[in-house]
Amino acid sequence: MQLCAFIFQVEKEIELHSQLKHRNIVRFYHHFHDQKYMYLVMEYCRHKSLAHILRVRKLLTEPEVRYYMKQISQGVQFLHHHGIIHRDLKLSNFFIAKNMVVKIGDLGLATTVEQCEKILGVICGTPNYLSPEVLAKDGHSFKSDIWALGCIMYTMLCGYSPFRARSQKEMYYFIREGFFPVPSYVSLTGRRLIISLLASCPASRPCIEDIIAHEFFTQGFTPEKLSSATCHTAPTFSFSLHLTRFFRKAAKVLYRGVFQKSFCSDFVEEDAQKSSMIMATESLVSLGTDQMCEDDKGEETVRVCDESLKILMKGWMSRRSRSASQKQRGASGERMADGLTVILEDCLHNIVPGDLDANVQVSCPILWVTKWVDYSNKYGFGYQLSDNCTGVLLSDGTHAVLSPHLQKVCYSTSSQEHITFPEWSPPCKLDVKLRILRFFSQYMKENILEGGDLRGAPSLSARTLCLLHFLKTDQALLMLFSNGTLQVNFYHDRTKIILSKGQQGYLLSFIDQERQSCTLLLSELRRSCPPFIIQRLEYALLMLKSL
């Protein structure tokens, strides 16, 4: 009986697959059999599958995810238009052929809508990708394929399944309840699409046409092609000078009527002739409208054109107004960033690749960020320092730091203007902001692990570091502080670099994947620096230039 069922299943797969001809479906050529085996001759996919790529890369950049998801969606659209439900969409069934074209394969569990309606109650597929209605034995549908696309997109962006759990029972509970945390580094449009794809109710999920037309694809950069090198290394996307000029002209046309507005964009812009690196960011900071003098309109138009170019590349923008505190903090941050840019450029220009010399390491306490949490879309960006002080850059551009040792709060409206008050006696107008600060402090204390063993400097004053800027890309988080400290946290391997001022000059601290740290004078690091630190310094410089 089992053999007969298997033969029937293979014959059904052959019948379905042999009729499908689409760029994003593995091509079926021929089949034959002998006394022992059945042979299926299909298209050769030289770069294996997306599962193999993710196993090496750990997670993918958002432009790559758009590239792959767009092709996958087009392949699924073709299947659905022909009344076919795949029922086993997953990373290992997406094969990468010549020129990095995605091909959907393994139609062993695929069936038609008519057949599905006759066999309700059947659960088939891969556990990580099963939808709530399939677990409830309500049967498969097009919308269960859509659910699987949500799991796939989440896994590519985050590096792990949305419903990872300690046991299958717990995983099924999370699936039924629709419990899946989306990391803050995923862009706003990416989060929106994932949430819609993983809606618990099938009717709430978008159809395949709505997915293709979603703002995640229409408002974000999608590369026309990928190099096969991206199978094992992250890509660097560049634009030709002609394309950059095109976007600049398009920005002028699109935003001609709103040049009196100030826009917010955290896109990383490099010189057009050198190439620009696409970084999807999501720092949602409150911004406002500025009045502009007639004499300044020409200069402002050019400036906003450049900002509009950034917005076009990035995929979204915020039109909220900038407060005076944000302008002052921004100017201070720009000056700080310019100075650090010169220091890093000089270091990288003269650096010599080599091994790390343990004999030149220094032992001194460093003030750095051990924990952080991003609620900038509502409250602000919170962080905890190595001296246990908690700070928050609020969404209106103001800043507050709680010192638990001194039981005092330092509140600032700019990098120069500070007021200090006891924690238990805040001014009435700051009561709400103090509650937000306490919320961040408690949340990080209870939910977030410290990021390394680097010894922290003691807090001698309530007036401690002030966060001037933070920038998030799909690969790292950058934080710039008022004392010139620059910290960059890398998501994929949890390494960190901290550039800070010491008594003898600038210090560079590196925290590895095991949370072990080392600190060296920047002048000593130039003489012999491991390539993996050089790469991180180069990326930090790119981010710094975008502030």
Subject >> Only listed residue being crowded, with 18+ Cβ neighbours inside 10 Å, at pLDDT below 85 and in contact with a Cys (Cβ under 9 Å, 6 or more places away or on another chain), chosen from SER403, SER415, SER461 >> reply: SER415
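Going through region 500-518 one residue at a time, which ones are of a type in the set (Ser, Thr, Tyr) and touching a Lys or Arg at 6+ places or on another chain (Cβ under 9 Å)? Spell out the reasoning first.
First, the residues of region 500-518 that are of a type in the set (Ser, Thr, Tyr): 500, 506, 509, 517.
Scanning region 500-518 gives SER509, SER517.
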Original post:
Which condition number does TYR67 fail, the rest of (1) at pLDDT below 95; (2) under 19 Å from the mean Cα position of the chain (by Cα); (3) not aliphatic (A, V, I, L, M) being met?
Top reply: (1)
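For every residue, the table says whether it meets (1) under 26 Å from ILE497 (Cα atoms); (2) in a loop (DSSP other than H, G, I, E, B); (3) charged (D, E, K, R); (4) in contact with an Asp or Glu (Cβ under 7 Å, 6 or more places away or on another chain).
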position: LYS371; (1), (2), (3), (4): yes, no, yes, yes
position: LYS378; (1), (2), (3), (4): no, yes, yes, no
position: CYS410; (1), (2), (3), (4): no, no, no, no
position: PHE421; (1), (2), (3), (4): no, no, no, no
position: ASP431; (1), (2), (3), (4): no, no, yes, no
position: SER441; (1), (2), (3), (4): yes, no, no, no
position: GLU446; (1), (2), (3), (4): yes, no, yes, no
position: GLY451; (1), (2), (3), (4): yes, yes, no, no
position: LEU454; (1), (2), (3), (4): yes, yes, no, no
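Of the residues in region 82-112, how many are in a helix (DSSP H, G or I) and either touching a helix residue (DSSP H, G or I) at 6+ places or on another chain (Cβ under 8 Å) or farther than 16 Å from LEU149 by Cβ (or both)?
Final tally of qualifying residues: 5.
Residue-by-condition table, conditions (1) farther than 26 Å from VAL113 by Cα; (2) without any contact (Cβ under 8 Å) to a residue 24 or more places away in the chain:
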{"position": "ASN24", "(1), (2)": "no, no"}
{"position": "PHE28", "(1), (2)": "no, yes"}
{"position": "PHE32", "(1), (2)": "yes, yes"}
{"position": "MET38", "(1), (2)": "yes, no"}
{"position": "MET42", "(1), (2)": "no, no"}
{"position": "ARG46", "(1), (2)": "yes, no"}
{"position": "ALA51", "(1), (2)": "yes, no"}
{"position": "THR61", "(1), (2)": "yes, no"}
{"position": "GLU64", "(1), (2)": "yes, no"}
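Taking the condition in a helix (DSSP H, G or I), more than 28 Å from THR112 (Cβ to Cβ) and of a type in the set (Val, Ile, Thr), does ILE175 pass?
Numbers: in a helix (DSSP H, G or I): yes; more than 28 Å from THR112 (Cβ to Cβ): no; of a type in the set (Val, Ile, Thr): yes.
Against the criterion (in a helix (DSSP H, G or I), more than 28 Å from THR112 (Cβ to Cβ) and of a type in the set (Val, Ile, Thr)), ILE175 does not qualify.
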Original post:
When PHE237 is evaluated against the numbered criteria (1) part of a loop (DSSP other than H, G, I, E, B); (2) at pLDDT 60 or above; (3) out of contact with any Phe, Trp or Tyr (no Cβ under 9 Å at 6 or more places or on another chain), which criterion, by number, is the only one it fails?
Top reply: (3)
Original post:
Of the residues that sit in region 428-455 and are under 30 Å from ARG335 (Cβ atoms) and surrounded by fewer than 16 Cβ atoms within 10 Å (Cβ to Cβ), which one is modelled with the highest pLDDT?
Top reply: LYS429
Subject >> In region 127-143, the residues that are of a type in the set (Lys, Arg) and modelled with pLDDT under 90 >> reply: LYS137
Original post:
Just one of the numbered conditions (1) modelled with pLDDT of 95 or more; (2) in contact with a Ser or Thr (Cβ under 7 Å, 6 or more places away or on another chain) is not true of LEU197; which one?
Top reply: (2)
Original post:
Under 7 Å by Cβ, and 6 or more places apart or on different chains, what pairs join a residue from region 190-203 that is touching a residue at least 60 places away in the same chain (Cβ under 8 Å) with one that is buried (at least 17 other Cβ atoms within 10 Å of the Cβ) and aromatic (Phe, Trp, Tyr)?
Top reply: GLY190/PHE216
**OP:** Determine which member of the set ARG164, ARG176 is in the same structural domain as TYR67 (by TED's automatic domain parsing), of a type in the set (D, E, K, R) and more than 29 Å from VAL56 (Cβ to Cβ).
**Re:** ARG176
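Among the charged types (D, E, K, R) and surrounded by fewer than 19 Cβ atoms within 10 Å (Cβ to Cβ) - does that describe any residue in region 144-160?
No, there is no match, as no residue in region 144-160 is among the charged types (D, E, K, R) and surrounded by fewer than 19 Cβ atoms within 10 Å (Cβ to Cβ).
Quick check: anything in region 54-64 farther than 18 Å from THR155 by Cβ and assigned to a loop (DSSP other than H, G, I, E, B)? Break it down into steps so the answer makes sense when it comes.
Step one: filter region 54-64 for residues farther than 18 Å from THR155 by Cβ, giving none.
For region 54-64, residues farther than 18 Å from THR155 by Cβ and assigned to a loop (DSSP other than H, G, I, E, B): absent.
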Original post:
Could you count how many residues in region 103-126 are at pLDDT 90 or above and loosely packed, with under 15 Cβ neighbours inside 10 Å?
Top reply: 0
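The values are calculated or read from the model by the stated rules, or taken from the named source; none is laboratory data. No experiment lies behind these values; they were computed from the predicted model shown. Ideal geometry is used to build each Cβ from the backbone, glycine not excepted, and the neighbour counts take in all protein chains shown.
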